[in-house]
Amino acid sequence: MVTVEVTPAARDQVLKIMEKQGKPGSALRLYVQGGGCSGLTYGMSFDQRETGDEVAFEGGGLLVVVDRASAPLLEGVQVDFLLGLEASGFKIHNPNAKETCSCGKSFSA
């Protein structure tokens, strides 16, 4: 089982985006893929169904799905949403990251 925290700010933003895109009730899919300056990047998308090869759980009133390959890299992650003058957007705090790039979008583990 993977533990991911979705903050209230992130949950609210995800629900707004789902509504705007006409995808209410979708699951939030979190994943890790190769790329970025540190080797791995985070990804988020909406999915209407589970494939059966992932971990699904409720995160702050939101269905979150994580594929089994990404699960160890996302264990203990916190997904937040920041809105500020210097930076706005989703921010992922990953205790498993050994190194991150300055943009915060890629990491190594």
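Any read-out appearing in this document is the output of simple, stated calculations on the displayed coordinates, not a laboratory observation. Note that the structure is a prediction, hence the values are computed from the model and not measured. Note: ideal-geometry Cβ built from the backbone for every residue, glycine included; neighbour counts use all protein chains shown.
Restricting the GluC sites (Glu not before Pro) of region 4-98 to loop positions (DSSP other than H, G, I, E, B) with no more than 16 neighbouring Cβ atoms within 10 Å leaves 50, 75, 86. Taking Lys and Arg as +1 and Asp and Glu as -1, the other residues whose beta-carbon sits under 12 Å from that of residue 73 total 0.
Listed cross-link partners 16/91; 16/98; 20/98 are compared with a 26 Å cut-off, the Cα-Cα value being larger for 16/98; 20/98.
Residues in region 62-73 carry Karplus couplings, in order, of 9, 6, 10, 10, 9, 5, 4, 5, 7, 3, x, 7 Hz; the curve used is 6.51 cos²θ - 1.76 cosθ + 1.60 with θ = phi - 60°, and Gly or Pro positions show x.
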